[in-house]
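The values are calculated or read from the model by the stated rules, or taken from the named source; none is laboratory data. The shown structure was predicted, so the numbers you read here are calculated from the model rather than taken from an experiment. Reconstructed Cβ throughout: ideal geometry from the backbone, glycine too, with neighbour counts over all protein chains shown. Protein only, heavy atoms only, side chains kept; ligands, DNA and RNA dropped before computing areas. Shrake-Rupley method; radii C 1.70, N 1.55, O 1.52, S 1.80 Å.
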Amino acid sequence: MKKPVKITLITLSSILVLAIIVAIVGWIWINSAFLNFEKDYAENININEMTIDGYKFFDRNSNGKLDIYEDERRTTEERAVDLLSLMTLEEKIHLLKGSGLASALGRVEPGEGIAGAVGTIVPTPRLGLPTIYLSDGPAGLRIAPTREDDDQTYYCTAFPIGTLLSSTWNVGLVEEVGTTMGKEALEYGIDVILGPGANIMRHPFCGRNFEYYSEDPLLTGHIGAAMVNGIESNGIGASVKHFVANNQETKRLNNDVIISERALREIYLKGFEIIVQKSQPWTIMSSYNKVNGTYTSESRDLLTGVLRDDWGFKGIVMSDWFGGKNPPAQISAGNDLLEPGTKLQWKALTKAAENGELSISDINTSVKRILKLILETKKMQQYEFGNNPDLEAHAKITRKSASEGMVLLKNENTLPIQNTKNVALLGVTSYDFIAGGTGSGDVNESYTVSLEEGLKNVGYEINEIARKAFEAHKDANKEAFIKPEGMNAMFEPYDPPEMQLSMEQISQTAVSADIAIITIGRNSGEGGDRVEKDDFLLSQQEQDMIASTSQVFQEAGKKVIVVLNIGGVIETNSWKEQPDAILLAWQGGQEGGNSVADILSGKINPSGKLPMTFPINLNDHDSNANFPLDGEPFSPSDMIFSSEVPEEEKVRNKDYTLYEEGIYVGYRHFDKVNSEVSYPFGFGLSYTEFELSNLAVAVENDSINVHFTVKNIGDQMGKEVIQIYVSKPNSTIDRPVQELKAFAKTQNLEPGEVADLAISIPISDLRYWDEDKSGWALEKGRYIIQSGTSSRDISLLKEIEI
Ligand code: BGC
């Protein structure tokens, strides 16, 4: 009797065990196939590659964790939604803030991380999401050139500063620079470049103007979009910064910009708007400052209202480093990522999520955007970076782009240099050329070609008397010629004293040299604004150097050229009559000396145009009434700690700045008051001459179609930039006399060659911001379409009726 019972029990338990096994296997299968497959891949081990539900998984690090790298069927959006559903709140909050400054400070384990990369998006190992690396921007990558226990170097290409690139007015070329910069990022394992900078040059003293493009939003927008498109063509993200109205460095962490909505929309936001429309960047960086009382990184109106709802921006917004004060408010406003990320922020976000101050839907919105960015990166697609970018090829691009953005301001039968062998170089920066500005916009390049080297490279002889005078001066000031490195470079910008030649030395030089080149150098950067004395204005020593050299050389029948190796506008009117030629070389990156030599020798015909006005006096700028003019020194602690100042203690132009000039920035102001300028917006000479003709304008559907012909009527091959300004006669509202609405640059035209160009301007671009209606409005009636080669050289015009 017992036996059958026993058999029955065994049978029953076997069936039970079998059923349980089947259930478990089935559950795992269902889970892995349909429900929890993303979680499952992270826990699955010993599988190198497999496909589940259309996803291809890959064990990137042979550590058993599978990453998604390919999916033929599902969109990034859907994949981000899946991932989001698998994340814990803790993981989500981690993703909202970076992992701190460890990489930036080079504190990475040998073989891991990227020393010098200034920020990260944290990894989520459980889900196979890698660390995403962020690096400055805008003149090239900024990573540490050397690493501990590693013989390899990681130098990056120093491209020309942003201001030089916009002076090319050549969107195709700027895109090529962006493509090259993005390629370098890809090869160094960087996922997002923190640039370009799209702030408007409101006042010449902003210490970071060199990173920005123009006083005009249209030029800013088109050049910025070209840069973003170039960078992102590599599968690398760009972060357009600093959104918005970050136009001074003094008190940058707290400064409150008090501005009309019209000026904000038409001038300061407009460049960003064009960039979003034309390039839909992966990311935008909010600025440090406040706008009308609210930190931009905490402003839902700006980050969600304007950026996303009005313009359709799809990417993520990240904060500037340590920017903003209230992390939950930042996330709710639409500032998805807090950089570089701190423990305090982590705690604040966790607390706010727990007590409901920060809603789960706001968290999810930002996390989903970040996940989408991660999924789009090349890192996620297993791109194997080799730490071996083609720096030589990139140097060629920087040389070419730098010469195209140099602006010839004056040329009296001097350039290109002819019948010249021996060149006298004056000014320390002739020998010690400045490649770019300081701060996060600086690059760790392996070399900078000086003007001396550049001229030697194209076959000139450098005058020994002047060169020895420089060597003696350098020996006598050894300390001052030591370049500060790392963070020190930011707080004590390199500024060696100028050399001085006696009248006797200049006379001797004039005997042995065929020509003199005087270089005037200026440097500025993040954290501080410029000043008038010895900066905007030439120092007494510089004035004397130009005056005496011009006098002695010209008396001897020899020419004098001034080369401006500067990052921002300086005063030129008081001394520009003295030399025979002036070349605004800007700061041309690591090949700067070669690029200048290419122009001076005539190998390249200059075609750069000013992206801003050079005024006669500083006071001529309307914004001068409301700008910090005393260059308050920047302190390292300002970088991170900044306390709110009580209302009654707030200091004008520091704690707050009144943008009383409204839309009248740059040429919009100078044209309004009809004032003389030293060099107008859009100005730049060439070694040849061009003639503009056959302007035809037609209004078709929603556009104004403009056609014209450009002919090279000189005797050298060259390029010309045609600028289209629009004005509204008898306007019933307060409007600028004219505004740049389009531009085009020709290819190289041979003497006698003609180019037919066509540009289309959307009619909506003629609108102004109507404060009463809080919206864009179009005035009907007559408009004048003007074409020319600078804002003050309009040769053709046509009327249209809207
Ligand atoms: C600058 C940003 C930069 C960031 C990271 C900040 O101080 O304002 O432009 O991208 O640092 O270096």
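Might you check whether a residue that is part of a loop (DSSP other than H, G, I, E, B), farther than 21 Å from VAL244 by Cα, more than 16 Å from the ligand (Cβ to nearest atom) and open to solvent by 30 Å² or more (accessible area, probe 1.4 Å) occurs anywhere in the stretch 340-357? So far as the stretch 340-357 goes, yes, one or more of its residues are part of a loop (DSSP other than H, G, I, E, B), farther than 21 Å from VAL244 by Cα, more than 16 Å from the ligand (Cβ to nearest atom) and open to solvent by 30 Å² or more (accessible area, probe 1.4 Å). For the stretch 193-209, filtering for residues that are under 11 Å from the mean Cα position of the chain (by Cα), closer than 21 Å to LYS654 by Cα and more than 11 Å from the ligand (Cβ to nearest atom) leaves 1. If you go through the stretch 454-473 and keep only what is under 34 Å from the mean Cα position of the chain (by Cα), open to solvent by 60 Å² or more (accessible area, probe 1.4 Å) and touching a residue at least 24 places away in the same chain (Cβ under 8 Å), you end up with just ASN457. From the list VAL677, VAL645, the lone residue that is modelled with pLDDT of 95 or more and among the hydrophobic types (A, V, I, L, M, F, W, C) is VAL677. Restricting attention to the stretch 338-377, the residues being touching a Phe, Trp or Tyr at 6+ places or on another chain (Cβ under 8 Å) and of a type in the set (D, E, K, R) number 2.
It is to be established whether one or more residues within the stretch 221-242 are closer than 13 Å to ARG202 by Cβ, more than 13 Å from the ligand (Cβ to nearest atom) and of a type in the set (A, V, I, L, M, F, W, C). No, there is no match, as no residue in the stretch 221-242 is closer than 13 Å to ARG202 by Cβ, more than 13 Å from the ligand (Cβ to nearest atom) and of a type in the set (A, V, I, L, M, F, W, C). Among the residues of the stretch 435-457, which ones are away from the ligand (no atom under 16 Å from the Cβ) and closer than 20 Å to HIS394 by Cα? The answer is ALA435, GLU445, SER446, TYR447, THR448, VAL449, SER450, LEU451, GLU453, GLY454, ASN457. The number of residues in the stretch 403-416 being open to solvent by 10 Å² or more (accessible area, probe 1.4 Å) and not polar (S, T, N, Q) comes to 5. Among the residues of the stretch 293-314 satisfying the criterion of being of a type in the set (Phe, Trp, Tyr) and more than 29 Å from GLU644 (Cβ to Cβ), which is most open to solvent (accessible area, probe 1.4 Å)? The qualifying residue most open to solvent (accessible area, probe 1.4 Å) is TRP311. The set of residues in the stretch 251-310 being in a loop (DSSP other than H, G, I, E, B) and away from the ligand (no atom under 16 Å from the Cβ) consists of ILE259, SER260, LEU269, GLN280, ASN292, GLY293, SER299. Determine whether the stretch 173-187 contains at least one residue that is assigned to a loop (DSSP other than H, G, I, E, B) and either away from the ligand (no atom under 16 Å from the Cβ) or in contact with a Pro (Cβ under 9 Å, 6 or more places away or on another chain) (or both). Checking the stretch 173-187: not a single residue is assigned to a loop (DSSP other than H, G, I, E, B) and either away from the ligand (no atom under 16 Å from the Cβ) or in contact with a Pro (Cβ under 9 Å, 6 or more places away or on another chain) (or both).
Tally time: how many residues in the stretch 104-124 are over 16 Å from ASP149 (Cβ atoms) and either within 16 Å of the ligand (Cβ to nearest atom) or assigned to a strand (DSSP E or B) (or both)? First the steps, then the outcome.
Filtering the stretch 104-124 for residues over 16 Å from ASP149 (Cβ atoms) gives 104-105, 117-124.
With the extra rule that they be either within 16 Å of the ligand (Cβ to nearest atom) or assigned to a strand (DSSP E or B) (or both), the set shrinks to 104-105, 117-121, 124.
Of the residues in that region, 8 qualify.
Just one of the listed residues (ASN617, ASN565, ASN624, ASN605) is under 26 Å from THR688 (Cβ atoms) and open to solvent by 10 Å² or more (accessible area, probe 1.4 Å), namely ASN605.
In the set GLU720, GLU753, only one residue is open to solvent by 30 Å² or more (accessible area, probe 1.4 Å) and farther than 21 Å from ARG668 by Cβ; that residue is GLU753.
Checked against (1) modelled with pLDDT of 95 or more; (2) open to solvent by 10 Å² or more (accessible area, probe 1.4 Å), GLU384 meets all criteria but (1). May I ask you to list the residues in the stretch 474-523 that are assigned to a loop (DSSP other than H, G, I, E, B), open to solvent by less than 80 Å² (accessible area, probe 1.4 Å) and not hydrophobic (A, V, I, L, M, F, W, C)? Selection gives ASN477, PRO484, PRO493, TYR494, PRO496, PRO497, GLU498, SER502, ASP514, ARG522, ASN523.
Evaluate the following for ASP495: is it more than 16 Å from the ligand (Cβ to nearest atom) and touching a residue at least 24 places away in the same chain (Cβ under 8 Å)?
On the way: more than 16 Å from the ligand (Cβ to nearest atom): yes; touching a residue at least 24 places away in the same chain (Cβ under 8 Å): yes.
Against the criterion (more than 16 Å from the ligand (Cβ to nearest atom) and touching a residue at least 24 places away in the same chain (Cβ under 8 Å)), ASP495 qualifies.
Of all residues being in a helix (DSSP H, G or I) and polar (S, T, N, Q) in the stretch 161-172, which is farthest from the ligand (Cβ to nearest atom)? Just the residue, please. Among those that are in a helix (DSSP H, G or I) and polar (S, T, N, Q), it is SER167.
Quick one: is VAL552 within 17 Å of GLN505 (Cα to Cα) and either open to solvent by 50 Å² or more (accessible area, probe 1.4 Å) or not in a helix (DSSP H, G or I) (or both)? Explain how you work it out, then say what you get.
Numbers: within 17 Å of GLN505 (Cα to Cα): yes; either open to solvent by 50 Å² or more (accessible area, probe 1.4 Å) or not in a helix (DSSP H, G or I) (or both): no.
Judged against the criteria, VAL552 is not a match.
So which residues in the stretch 210-219 are assigned to a helix (DSSP H, G or I), open to solvent by less than 10 Å² (accessible area, probe 1.4 Å) and more than 16 Å from the ligand (Cβ to nearest atom)? Result: PRO217, LEU219. May I ask you to list the residues in the stretch 128-160 that are within 16 Å of the ligand (Cβ to nearest atom), open to solvent by less than 10 Å² (accessible area, probe 1.4 Å), out of contact with any Gly (no Cβ under 6 Å at 6 or more places or on another chain) and touching a residue at least 60 places away in the same chain (Cβ under 8 Å)? Once the filter is applied, which keeps residues that are within 16 Å of the ligand (Cβ to nearest atom), open to solvent by less than 10 Å² (accessible area, probe 1.4 Å), out of contact with any Gly (no Cβ under 6 Å at 6 or more places or on another chain) and touching a residue at least 60 places away in the same chain (Cβ under 8 Å), the stretch 128-160 yields ILE132, GLY140, LEU141.
Scan the stretch 448-457 and give yes if some residue there is touching a strand residue (DSSP E or B) at 6+ places or on another chain (Cβ under 8 Å), among the β-branched types (Val, Ile, Thr) and in a loop (DSSP other than H, G, I, E, B), otherwise no. Write out each step before concluding.
So the first thing to find is which residues in the stretch 448-457 are touching a strand residue (DSSP E or B) at 6+ places or on another chain (Cβ under 8 Å), and the list is 451-452, 455-456.
Within this subset, residues satisfying the condition of being among the β-branched types (Val, Ile, Thr) are none.
No, because not a single residue in the stretch 448-457 is touching a strand residue (DSSP E or B) at 6+ places or on another chain (Cβ under 8 Å), among the β-branched types (Val, Ile, Thr) and in a loop (DSSP other than H, G, I, E, B).
Enumerate the strands (runs of 3 or more DSSP E) found wholly within the stretch 684-802, keeping only those where 1 or more residues are of a type outside the set (S, T, N, Q) and within 28 Å of PHE614 (Cβ to Cβ). Here the list reads 690-700, 703-712, 721-727, 739-745, 754-762, 768-770, 782-790, 793-801. Of all residues in the stretch 311-329, those satisfying the criterion of being more than 21 Å from ALA238 (Cβ to Cβ) and either in contact (Cβ under 8 Å) with a residue 40 or more places away in the chain or within 16 Å of the ligand (Cβ to nearest atom) (or both) are PHE322, GLY324, LYS325, PRO327.
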